[in-house]
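**Student:** Structure provided below as C-alpha cells; questions to follow.
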Amino acid sequence: MTERKPPGVSFGTWVDRQIAAAESRGDFEDLPGAGKPLPPPTGRDAATDWAVRRAREGDLDVAAFLPPSLALPREIQDLPGKLAKVHSERKVREIVEDLNDRIRKAHALPQDGPVLRARPLDVDETVASWRAGRGES
C-alpha cells in the first residue's frame, strides 16, 4: 500500500516522488513491451485501441465485440465446426443447451443493435446432425 499524500504537497509532486521511488526499486524493469515504442494514438480512447490491437493480433475473439443480435447468429453458423471436434453426445447437448439459454436471455433483454432473429435450436435435431457428421446412426 502506498503512503498517504503529505499535507502541503501537490498531487503532481507526490506522484512524481512515487514514480521515482518505484524506478529506484526497479519496479519498472522487465515489463512486457519494455524498450518498444508506444503505438501511435488513433484519437479514440485507450481501451478501444487496446482491444482492436489485441483482436488484430489474434488474442481475442472478435465476436466479443458484437452485440448479441450479431454474435449469436454467427455462433449458430460456426456451431457445426465446433461440434465436429466434440467426442461425446453429452458435451454436444451441453453446448447446444448453453447456446439456447443465451439466445433466450438475449431475447428477454432490451435489444442492442439489430433485431435478434436467432431462435433456440432443437437439441435432438442438432445431436442427430452431429451423429450423421460422425457417420453414426
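The values are calculated or read from the model by the stated rules, or taken from the named source; none is laboratory data. What you see is a predicted model; the values in this text were computed from it and never measured. We place every Cβ from the backbone using ideal geometry, glycine too, and count neighbours over all the protein chains shown. Surface areas here come from the heavy atoms of the whole protein model, side chains and all, with no ligands, DNA or RNA. Shrake-Rupley method; radii C 1.70, N 1.55, O 1.52, S 1.80 Å.
**Student:** Tally the residues that are open to solvent by less than 90 Å² (accessible area, probe 1.4 Å) and farther than 29 Å from residue 131 by Cβ, restricting the search to the range 87-110.
**Tutor:** 1
**Student:** Conditions first: (1) assigned to a helix (DSSP H, G or I); (2) modelled with pLDDT of 75 or more; (3) open to solvent by 50 Å² or more (accessible area, probe 1.4 Å). Residue 47 passes all but one, so which condition is the exception?
**Tutor:** With (1) assigned to a helix (DSSP H, G or I); (2) modelled with pLDDT of 75 or more; (3) open to solvent by 50 Å² or more (accessible area, probe 1.4 Å) applied to residue 47, the lone miss is (2).
**Student:** On the given criteria, is residue 123 in contact with a Phe, Trp or Tyr (Cβ under 7 Å, 6 or more places away or on another chain), surrounded by 10 or more Cβ atoms within 10 Å (Cβ to Cβ) and over 30 Å from residue 33 (Cβ atoms)?
**Tutor:** Answer is no for this residue.
**Student:** Quick one: is residue 83 within 30 Å of residue 125 (Cβ to Cβ), at pLDDT below 85 and surrounded by 14 or more Cβ atoms within 10 Å (Cβ to Cβ)?
**Tutor:** Answer is no for this residue.
Let's see how each residue does on (1) closer than 30 Å to residue 132 by Cα; (2) exposed (fewer than 10 other Cβ atoms within 10 Å of the Cβ); (3) modelled with pLDDT under 75; (4) not hydrophobic (A, V, I, L, M, F, W, C):
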site: 22; (1), (2), (3), (4): no, no, no, no
site: 33; (1), (2), (3), (4): no, yes, no, yes
site: 36; (1), (2), (3), (4): no, yes, no, yes
site: 52; (1), (2), (3), (4): no, no, yes, no
site: 69; (1), (2), (3), (4): yes, no, no, yes
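**Student:** For the range 93-109, give me each residue that is assigned to a helix (DSSP H, G or I) and over 12 Å from residue 121 (Cα atoms).
**Tutor:** 94, 105, 106, 107, 108
**Student:** Kindly indicate which of 114, 110 is within 30 Å of residue 48 (Cβ to Cβ) and either touching a residue at least 60 places away in the same chain (Cβ under 8 Å) or out of contact with any helix residue (DSSP H, G or I) (no Cβ under 9 Å at 6 or more places or on another chain) (or both).
**Tutor:** Working: 114 fails: either touching a residue at least 60 places away in the same chain (Cβ under 8 Å) or out of contact with any helix residue (DSSP H, G or I) (no Cβ under 9 Å at 6 or more places or on another chain) (or both).
Answer to the selection: 110.
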